[in-house]
Amino acid sequence: MSTGFRGYLRRGFDRLERAGDVVFGPDANPLAQLGALGWFLFWIVAATGIYLFIFFDTGVVNAYASVEWLSDAHWFHAGVARSLHRYASDLMVAVMLIHLVREFCLDRYRGVRWFSWLTGVPLIWFVYISGITGYWLVWDMLAQYVAVTSTELLDWLPIFGEPIARNFLSPEALSGRFFTLMVFLHIAIPLILLLAMWIHIQRVSRARVNPARPLAAMVLGSLILVAFVLPAQSQGPADLAREPTELGIDWFLLPLYPLINILPPGVIWGGAAIFTVGFAALPWLPAQRANRAAEVFLDHCNGCARCVEDCPYAAVELVPRTDGAPFPHQVAVNAGRCVACGICMGSCPSSSPFRRVGDLLTGIDLPDYPLKELRERVISGALRLEGSIRILTLACEHGAARPGLGTVFLPCVAMAPPSLIDFILSRGHADGVCVAGCAEERCQNRLGIEWTEARFARTRDPYLRRRVPRERLVTVWAGPTETARLERERVAFADRLAALPTEAPRVVRQSDPERVLDEAAM
Ligand code: HEM
């Protein structure tokens, strides 16, 4: 559990997310799906933008009138689309900012995860610039203010031969071509944003880009409601002969504009540059002390690709076999992408703690926390268990569990192969196993909870064997501020175990067919 400023923020977020779970339910909690919500809002903005474009007059003379026409005469479809376009853009800013703070709190931006952070930084600017160019097109007084302020700011940079603010000196000076350029930018920049969003998720496999349906419906419904209650309005036609006085600012998309009026352009550009560079450099300030990447042991790898399927960071890939073994493929780890969560080790069919002969090796292992060490920690943790009901807890480092007797920490609970549960129970190391991961829908390693549940439910390889008494296994998904709930669940589990008929710990005989399979898999 992180300490200091980030730890403080993280606990705050965790509490907010708890509240979100109560209000929306874990599946529809917006705080757990901010990236996906960002994508969803982008599509709303894109769809409504295309619709608005059908009615919009791209000439500077008629632009304002065409926007007014769609907001007045055709308010019931085009006006609603306009409001949706505006409010979804505003919400996208809010969602993006909360998303980046959350990723920071969860410490998911350093080490090999720098890529998502770094590619997120330009998204901030693309979102803002898309919104700013959108406000120009309405060609009302706010548009005039935004256009004049932006061009004056741009003119400070020595990139344009002619000052572009001259376009706004008088109504006659504003050329239709310049306005068309603005229309072009308002289409081109969101397209670049889309490309940048796609790049942003390239280092996470199975990135969640669609929010849960109830959440999507709720967001769309709320936006439509706001569109009806508070329809987007223009602020009077632009008049370059007059300076706009009273203006309503969109504080989501234009929060810097009042500042631009007060501060010299050099300060604004300098501030923007420092913010961008500083923000982009955050993953290295300070850099994360990274664990070593997973390692492949070809003698135990038949290229079955389960680890490739399960890796949340697209860090494992299938490559042609190199050791002459009779399999077409083997796996290779891209160390630049591996966060050492151990999920690959948990997915490997060779990861069996039952083996007695030779060194305990598997097909893919963590050099800093190998399967062998996990088994040792489990055995020594079990030896220290006290009382009549002995519960061994396999706990995620990022969840609710705190160090204590019988708690073995893992970078992700999906690092524990299902055979480890079998091993603990069938060898009588404990009466019950509690798997304590991150809060539901909020796995630190994105897919750990999903894979663990699927393996236990026997819907995803490697399956938890049927012989494992399911009543002796409990999963608790709880965030870092839910230690008390985890304790309550453990006590309730202990009570259930106590009520079970006592049975002698199962002794695995040499002739046990599953044991033979274990040995054969080595
Ligand atoms: C248009 C705005 C953005 C959208 C639509 C977006 C979308 C996403 C999506 C879909 C994911 C994957 C979530 C998952 O499946 O677990 C993600 C992850 C992430 N995003 Fe964003 N994002 C946006 C902006 C940003 C910004 C501005 C930053 C930070 C500067 C950022 C930093 C991250 C990080 C660090 C991750 C985590 C990657 C990991 O788990 O390793 N994002 N984003």
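What follows is calculated from the coordinates using simple rules that are stated; it is not laboratory data. These numbers come from a predicted model, not from an experiment. All Cβ positions, glycine included, derive from the backbone under ideal geometry; neighbour counts span all protein chains shown.
Restricting the calculation to Cα atoms, the range 151-195 shows an Rg/Rh of 1.05 when the hydrodynamic-style radius is the Kirkwood one.
The P(r) of the chain has a tail past 45 Å containing 30 percent of all C-alpha pairs. Between Val435 and Leu394, Val474, Thr475, Val476, the built amide H atoms are under 5 Å apart, and every one of these is 5 or more places off in sequence or on another chain.
May I ask you to derive the relative contact order of the range 334-418, considering only C-alpha pairs under 8 Å and at least 6 residues apart, and to give it as an integer percent?
Values: 113 pairs, mean separation 29.1, N = 85.
About 34 percent, as a whole number.
Compute the separation of the alpha-carbon centres of the range 156-173 and the range 288-310 and state it in Å as a whole number. For the range 156-173 versus the range 288-310, the Cα centre distance is 58 Å. Evaluate Rg over Rh across the range 319-452, taking Cα atoms for both radii and Kirkwood's formula for Rh. Across the range 319-452, the Cα-based Rg/Rh ratio is 1.00.
For His329, nonlocal amide neighbours, meaning residues 5 or more places apart or on other chains whose placed amide H falls under 5 Å from its own, are Arg321.
Antiparallel beta bridges, as assigned by DSSP with both residues in the range 295-521, represent about 35 percent of the total such bridges.
Couplings 3J(HN,Hα) of the range 75-91, computed from phi: 4, 6, 10, 5, x, 5, 4, 4, 5, 4, 4, 6, 6, 5, 5, 4, 5 Hz, in residue order, whole Hz [Karplus 6.51 cos²θ - 1.76 cosθ + 1.60, θ = phi - 60°; x for Gly and Pro].
On a C-alpha basis, how far is the centre of the range 83-149 from the centre of the range 1-42 in Å? Whole number, if you could? Result: 19 Å between the Cα centres.
First obtain the Kirkwood hydrodynamic radius of the range 33-284 from its Cα pairs, then insert it into the Stokes-Einstein equation at 20 °C and 1.002 mPa s, and state the resulting D in µm² per second as a whole number. Before the final figure, lay out each step's value.
Numbers: Rh = 19.4 Å.
This corresponds to a translational diffusion coefficient of 111 µm²/s.
Mind listing which GluC sites (Glu not before Pro) in the range 229-324 are in a DSSP loop and have 14 or fewer other Cβ atoms within 10 Å?
Answer in residue order: Glu246.
According to the calculation over all Cα-Cα pairs in the range 317-368, the P(r) per 5 Å bin from zero is 4, 17, 23, 23, 21, 11, 2 %. The phi-based Karplus calculation (6.51 cos²θ - 1.76 cosθ + 1.60; θ = phi - 60°) puts the 3J(HN,Hα) values of the range 250-263 at 7, 6, 6, 9, 10, x, 7, 4, x, 5, 4, 5, 8, 8 Hz, whole numbers, x for Gly and Pro.
Where both residues lie in the chain, what percent of DSSP beta bridges are antiparallel, nearest 5?
On the way: 8 of 22 bridges.
Among the beta bridges of the chain, antiparallel pairing accounts for roughly 35 percent.
The string of couplings for the range 24-36 from the Karplus curve (6.51, -1.76, 1.60, θ = phi - 60°) is 9, x, x, 5, 10, 5, x, 5, 8, 9, 5, x, 5 Hz, one whole number per residue in order, with x for Gly and Pro.
Contact order for the range 33-284, expressed relative to its length and based on alpha carbon pairs under 8 Å spaced 6+ residues apart, stands at 32 percent.
Reducing the range 213-235 and the range 383-415 to their Cα centroids gives an inter-centroid distance of 46 Å.
Short-range pairs are left out: with C-alpha atoms under 8 Å and at least six residues apart, the relative contact order of the chain is 13 percent.
Give the order of Ile391, Ile201, Ile274, Ile364 when sorted by the count of other beta carbons within 10 angstrom, beginning with the fewest. Could the numbers behind the result be given before it?
Details: Ile391 22, Ile201 18, Ile274 10, Ile364 27.
Final ranking by Cβ density, sparse to dense: Ile274, Ile201, Ile391, Ile364.
Taking one equal scatterer on every alpha-carbon of the range 295-521, how large is log10 of I(q)/I(0) by Debye at q = 0.13 1/Å? After summing over all Cα pairs, the log10 values are -0.74.
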